[in-house]
Amino acid sequence: DLPPHTTNNEIPAHYFRNIIVSDSHRLLYCYIPKVACSNWKRVLMVMHGDAADPWNIKTPDVHNRSLGYFRYLNQYSPEEIVYRLRTYYKFLFVRHPFERLVSAYRNKFIDSYNLTLFKEMYGRHIIRKYRQNPDKRSLRTGEGVNFSEFAEFLYNSDPEFMDWHWKQYDMLCHPCLIYYDFIGHFENLYEEADQLLNILQVGDKVKFPKNKTSSYKRPTKFLAKEYFNSLSKEAQDKLYEKYKHDFELFGYSMQDFL
């Protein structure tokens, strides 16, 4: 929990922007993009009575804050934040940092349904700054960012201004400040999801949805290895240094991907 000496005025509310609050279940979930957060939000919506079947909920809806399905911890007063952090059950799920970065890269720069926004927001900047002799079309469209360019962009980025999809776990969920009761791992997603739902005593009411395309069963780790082995040793080391705290906090190793 918060250190005993922490006062209400010392709590920066923006620390808690990624923590979803379920007052009815006395539960806090810190979501990390690219670590099954869409499906965990679906589960919470079923628990809250906003849907009967997780698969009836469209992915854009679970991430649209304006729809008001969730309240976030930063929306509470300092006193209410302290109370919930000290008394509610808190959980998050993590994933090997390198595998998460590959998933984010492929989702935001390769997958056809998700291209335009991230090309415009990041692709043009990455190409302009990290590509030698870019052509006019790529500068205009932001298309064709390769993984090496993406990696260079990451390890040169200010952590405070990184996009949520590749921001460090430590910056999103602050595990050194907050004591989490349950830390699950993407590598054992279904087993640990069932375990957690049983701990929360809702396993008979909602099941964690298994991805219909079986993407969690695909060898994403092997795909990530291919991407990282395409980088220079210098780039690999710089990227590791950028995410070193996440590796150390959650027991992951760089050697798994080399």
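The values are calculated or read from the model by the stated rules, or taken from the named source; none is laboratory data. Fair warning: this is a prediction, and the values are worked out from it, not measured in the lab. Cβ coordinates were reconstructed from backbone atoms using ideal geometry, including for glycine residues, and neighbour counts include every protein chain displayed. Calculation scope for accessible area: heavy atoms of the full protein, side chains included, ligands and nucleic acids excluded. Shrake-Rupley method; radii C 1.70, N 1.55, O 1.52, S 1.80 Å.
Rundown of residues vs (1) farther than 25 Å from Asn74 by Cβ; (2) touching a strand residue (DSSP E or B) at 6+ places or on another chain (Cβ under 9 Å); (3) free of Cβ contacts under 8 Å to residues at least 12 places away in the same chain, yes/no style:
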site	(1), (2), (3)
Asn229	yes, no, no
Tyr240	yes, no, no
Lys244	yes, no, yes
Phe250	no, yes, no
Gln255	yes, no, yes
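Asn211 meets each of the listed conditions (1) over 30 Å from Tyr122 (Cα atoms); (2) open to solvent by less than 50 Å² (accessible area, probe 1.4 Å); (3) part of a loop (DSSP other than H, G, I, E, B) apart from (1). Could you tell me which residue of the range 98-135 is modelled with the lowest pLDDT, considering only residues that are of a type in the set (A, V, I, L, M) and open to solvent by 10 Å² or more (accessible area, probe 1.4 Å)? Among those residues, the one meeting the criterion is Leu115.
Among the residues of the range 170-182, the ones that are crowded, with 17+ Cβ neighbours inside 10 Å and over 20 Å from Tyr88 (Cβ atoms) come to 1 in all.
Just checking, does the range 105-122 include any residue being small (Gly, Ala, Ser) and in contact with a helix residue (DSSP H, G or I) (Cβ under 9 Å, 6 or more places away or on another chain)?
No: zero hits.
Kindly indicate whether Leu172 is in contact (Cβ under 8 Å) with a residue 40 or more places away in the chain, more than 23 Å from Val102 (Cα to Cα) and not charged (D, E, K, R). Before the answer, list the steps.
On the way: in contact (Cβ under 8 Å) with a residue 40 or more places away in the chain: yes; more than 23 Å from Val102 (Cα to Cα): no; not charged (D, E, K, R): yes.
Answer is no for this residue.
Being of a type in the set (Ser, Thr, Tyr), closer than 19 Å to Phe153 by Cβ and not in a helix (DSSP H, G or I) is the filter here, so list the residues in the range 226-257 that pass it.
Filtering the range 226-257 for residues of a type in the set (Ser, Thr, Tyr) gives 227, 230, 232, 240, 243, 252-253.
Right, trim to closer than 19 Å to Phe153 by Cβ and you get 227, 230, 232, 240, 243.
Within the range 226-257, Ser230, Ser232, Tyr243 qualify.
Considering every residue within the range 136-151, establish whether at least one is assigned to a loop (DSSP other than H, G, I, E, B) and either basic (Lys, Arg) or under 16 Å from the mean Cα position of the chain (by Cα) (or both). Within the range 136-151 (the criterion being assigned to a loop (DSSP other than H, G, I, E, B) and either basic (Lys, Arg) or under 16 Å from the mean Cα position of the chain (by Cα) (or both)), the answer is no, since none of the residues qualifies.
Residue selection: Tyr190 satisfies the criterion of being part of a helix (DSSP H, G or I), within 26 Å of Ala51 (Cβ to Cβ) and either touching a Pro at 6+ places or on another chain (Cβ under 8 Å) or open to solvent by 10 Å² or more (accessible area, probe 1.4 Å) (or both).
Residue-wise test of (1) open to solvent by 50 Å² or more (accessible area, probe 1.4 Å); (2) out of contact with any Asp or Glu (no Cβ under 9 Å at 6 or more places or on another chain); (3) closer than 30 Å to Phe150 by Cβ.
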{"residue": "Met45", "(1), (2), (3)": "no, no, no"}
{"residue": "His63", "(1), (2), (3)": "yes, yes, yes"}
{"residue": "Phe93", "(1), (2), (3)": "no, no, yes"}
{"residue": "His96", "(1), (2), (3)": "no, no, yes"}
